[in-house]
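Everything below concerns the one structure shown next.
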Amino acid sequence: MKITVIGTGYVGLVSGACFSEFGFEVTCIDKDKKKIDALNKGNPLIYEPGLESLVKKNMKTGRLKFQNSFTDNIKKSQIILIAVGTPTQRNGHANLEHVFDAAKQVAPLLSGYTVVVNKSTVPVGTAKRVFSILKKNQRNADFDVASNPEFLREGSAIEDFMRPNRVVIGVDSLKAKRIMKELYRPLFLIETPIIFTSPQTAELIKYASNAFLATKITFINQIADLCEKSGADVHDVAKSMGLDKRIGDKFLHPGPGFGGSCFPKDNLELAATARALGSPIGLIEEVISFNKSRKKKMARKIILACGNNVKGKKIAILGLTFKPNTDDMRDSPSLDIIPALQKAGAKIQAYDPEGMDQAKGYLRGIKWCNNPYEALDGAEALVFLTEWNQFRALDLKRIKKTLKKPTIIDLRNIYVPEQMKKMGFKYISIGREAV
Ligand code: UDX
């Protein structure tokens, strides 16, 4: 079976590479020539563990190709995956112009029965809109539109693709169901649960799943704040809660608030759609506002830890990306926290293993450092914003010697309070001691 994937971002490229790994012939299309030129040299331009080698391996087999235009090869594809960006608009709704543009470009090239699949995260009802755009631009085409949302976490996207908890497919015809079953046969063979439902239900499953995960994170962050008032330990709370199978132990790690290219925008979209349909989801409205204010609150926590004044002080920041094992800076907490510290007069020295190139496009006035210790030089405090593995066993003696003041604000609870205090640090973390 031949597949065309439109869009070579975190979702499109991972999907295209993994489908070619399954043995399908995949052509990935992107209108960004720079991206396609880099991909044709085997460089994915994004950091995702294992992606570069998977792309190179399947290019070598000839199953994975990249091109910068919509050409006739689309006519040979039985499946066309739309995996373009759907960024948030000011009103909270997702911007679907790239999805609709892709549909308009595909329509005249449809020949033979084809399933056009929304892989991008799109609002409930988008499959219907894509169907009418295709119909309008190619009356005689024989096609169906399916919804197949992804549940890939950045940093573990390939693993999440190859061993998903479930595959969700929204179709409204048997023909489309048959083709989609064929597409996911390799996962069916390893007994992955494959859920067939309507397109609009599949669309809502994606938003509901992300919103629930974001709610879990917000919940434990609010509990962490209560722990800081009551002297309880949020890790013991989370661990004991998680032992209850009905709750589950994942996504109960407190931190500076969630970021990334999905949770923030998907929650805004779900809240906007729910309001527009007259069924507002108050819980998600609270998640959105709490998460937004949390990032500012974290800046205040840092300033307080520095004697409530950072004017003219150097602050070392370790970790800029929204989570470890990615170079993605979208909606990262650092994009709110660092400007707030700078506004209060702090001088920022920062290091991140993968995110600095992207960070330079968002942040100004930063001293970009080449390793964690360089960032500490002359700093009055060290702040951990992202829990990269390489920050878990730093030379604490060297840190103490290099910092101007032995103050650490650990917003990811990488270290243990007792151990840090024993070493003479003023150690502030999240939800583990009364503040
Ligand atoms: C998320 C969903 O997990 C994935 O299923 C969906 O397809 C895309 O969005 P991703 O955004 O890549 O994936 O990262 P994720 O690991 O979910 O983390 C999102 C944010 O939540 C990060 O900022 C992370 O630091 C934060 N987080 C996560 C917490 O603060 N606490 C947690 O326990 C888990």
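The values are calculated or read from the model by the stated rules, or taken from the named source; none is laboratory data. The shown structure was predicted, so the numbers you read here are calculated from the model rather than taken from an experiment. Note that we place each Cβ from the backbone using ideal geometry, even for glycine, and neighbour counts take in every protein chain shown. Note: accessible area is taken over every heavy atom of the protein model, side chains too, but ligands, DNA and RNA are not part of it. Shrake-Rupley method; radii C 1.70, N 1.55, O 1.52, S 1.80 Å.
Using a Förster radius of 51 Å, what is the FRET efficiency between residue 185 and residue 243 based on their Cβ-Cβ separation? Nearest 0.05, please. For R0 = 51 Å, the calculated efficiency reads 0.90.
A simple count of charges around residue 256, restricted to other residues whose Cβ falls under 13 Å of its Cβ and scoring Lys, Arg +1 and Asp, Glu -1, yields +4.
In percent, rounded to a whole number, the relative contact order of segment 31-94 is 26, using alpha-carbon pairs under 8 Å and six or more apart. Comparing Cα centroids, segment 68-140 and segment 343-406 end up 43 angstrom apart.
Straight Cα distances below 16 angstrom link residue 405 to the lysines 311, 313, 314, 347, 397, 421, 422, 426, with same-chain residues fewer than 8 positions distant left out. Taking 64, 13, 187 in turn, the Gaussian network model of the chain (Cα-Cα springs below 10 Å) assigns the largest fluctuation to 187. For the peptides 105-116, 261-272, the ranking by mean Cβ contacts within 10 Å, running from highest to lowest, is 261-272, 105-116. Of all lysines in the structure, those lying under 16 Å Cα to Cα from residue 34, and not within fewer than 8 positions of it along the same chain, are 65. Computed from Cα atoms, the angle from the helix 174-183 axis to the main principal axis of the chain rounds to 50 degrees.
Helix 97-106 axis versus longest C-alpha principal axis of the chain: approximately 30°, rounded to the nearest ten. Charged side chains reduced to their Cβ positions (Lys and Arg at +1, Asp and Glu at -1) give the chain a dipole of some 740 debye around its Cα centre.
On a 27 Å Cα-Cα criterion, which of the cross-link pairs 119/265; 57/104; 41/367; 2/60; 57/181 come out too long?
On the way: 119/265 16 Å; 57/104 32 Å; 41/367 32 Å; 2/60 17 Å; 57/181 25 Å.
The pairs that break the limit, which is 27 Å between Cα atoms, are 57/104; 41/367.
Based on every Cα atom in the chain, Rg and the maximum pairwise Cα distance Dmax equal 23.5, 75 Å.
A helix-only calculation puts the chain at -12500 deg cm²/dmol for mean residue ellipticity at 222 nm, using -39500 (n - 2.57) for each DSSP H run of at least four residues, averaged over all residues.
If you take all other residues with their beta carbon under 15 Å from the beta carbon of residue 361, and give Lys and Arg +1 and Asp and Glu -1, the sum is -2.
What's the local net charge at residue 136, with K and R +1, D and E -1, over the other residues with C-beta under 11 Å away? Could you put the intermediate results ahead of the total?
Working: positive: 104, 129, 135, 139; negative: none.
Cβ neighbours under 11 Å give a net charge of +4.
At a probe radius of 1.4 angstrom, the accessible area of the chain per residue rounds to 45 square angstrom.
Nearest 20 debye, what's the magnitude of the dipole of segment 2-197 about its Cα centre given +1 on Lys and Arg Cβ and -1 on Asp and Glu Cβ? Could you put the intermediate results ahead of the total?
Values: 29 positive and 19 negative charges, 99 e Å.
Result for segment 2-197 is approximately 480 debye, rounded to the nearest 20.
Given bins 10 angstrom wide, list per bin the percent of all Cα-Cα distances in segment 226-428, short to long. Histogram of Cα-Cα distances, whole percents per bin: 8, 32, 36, 18, 5, 1. Dipole orientation for the chain: of the candidates 17, 351, 171, 351 has the Cα lying most toward the positive pole (charges on Cβ; Lys, Arg +1; Asp, Glu -1). Distance distribution P(r), segment 2-197, all Cα-Cα pairs, bin width 10 angstrom from 0: 9, 38, 39, 13, 0 percent. Annotation for segment 1-61 versus segment 145-196: alpha-carbon center distance of 18 Å. Among 307, 50, 378, the residue with the largest mean-square fluctuation in a Gaussian network model of the chain, with springs joining Cα atoms closer than 10 Å, is 307. Can you pull the percent of Cα pairs in segment 56-112 with separation above 15 Å? For segment 56-112, the fraction of Cα-Cα distances above 15 Å is 61 percent. Measuring against 30 Å, Cα to Cα, the residue pairs 360/400; 76/177; 229/360 contain 229/360 as the ones spanning a longer distance.
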